[in-house]
Amino acid sequence: MYLTQHTDFGLRVLIYAAVNDDDLVNISEIADTYQISKSHLMKVVTALVKGGFLTGIRGKGGGLKLARPAEEINIGHVIRCLEPMVLVECMGDKNNCLLTPNCRLAGMLSGATQAFLNHLEGFSLADLLNKPTFQLLYRAESGSRAAWP
């Protein structure tokens, strides 16, 4: 199984926002930190806001923050929101495969996909946080928290 770059970036954004939860974060600093495209990140953030994982505050002094505590953000739900999970043509909208009426592959792959997502639903965003991640991503100059909680 392969997750798209969109989902990978989405998880990174959430981790960054969780580490810096004492302050608002912005797309530019996240893009700079991870050295990824700001324009692509904007699409990812839009999906995370629509999915209810991030809150966006507009205007001067605005930014992004987690929509709820990291312990309440389920990784399986994030991936379901961001990832199309179309492993083969017949699982998508543009199915032209002549085997579809008699094929068992889609059913097998669908079951595997559900098992994968069900496993990830056992984890929260808080489970992805640890001291080394905190030390890499925490913006000490902008926050008041001095050390890993």
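The values are calculated or read from the model by the stated rules, or taken from the named source; none is laboratory data. Computed from a predicted model, the values in this text were never measured in an experiment. Because the Cβ atoms are built from the backbone with ideal geometry, glycine has one as well, and the counts that use them run over all protein chains shown. Just so you know, the surface numbers come from the protein's heavy atoms only, side chains and all, with ligands and any DNA or RNA stripped out. Shrake-Rupley method; radii C 1.70, N 1.55, O 1.52, S 1.80 Å.
Can you tell me which residues in segment 47-65 are without any contact (Cβ under 8 Å) to a residue 40 or more places away in the chain, open to solvent by 60 Å² or more (accessible area, probe 1.4 Å) and within 15 Å of Asp23 (Cα to Cα)? Result: Ile57, Arg58, Lys60, Gly61. Take the conditions (1) open to solvent by 70 Å² or more (accessible area, probe 1.4 Å); (2) outside any helix (DSSP H, G or I); (3) of a type outside the set (Phe, Trp, Tyr); Asn95 misses just one of them, which is (1).
Scanning segment 66-80 for residues that are touching a residue at least 40 places away in the same chain (Cβ under 8 Å) and either closer than 24 Å to Ala115 by Cβ or touching a helix residue (DSSP H, G or I) at 6+ places or on another chain (Cβ under 7 Å) (or both) yields Leu66, Ala70, Glu71, Glu72, Ile73, Asn74, Ile75, Gly76, His77, Val78, Ile79.
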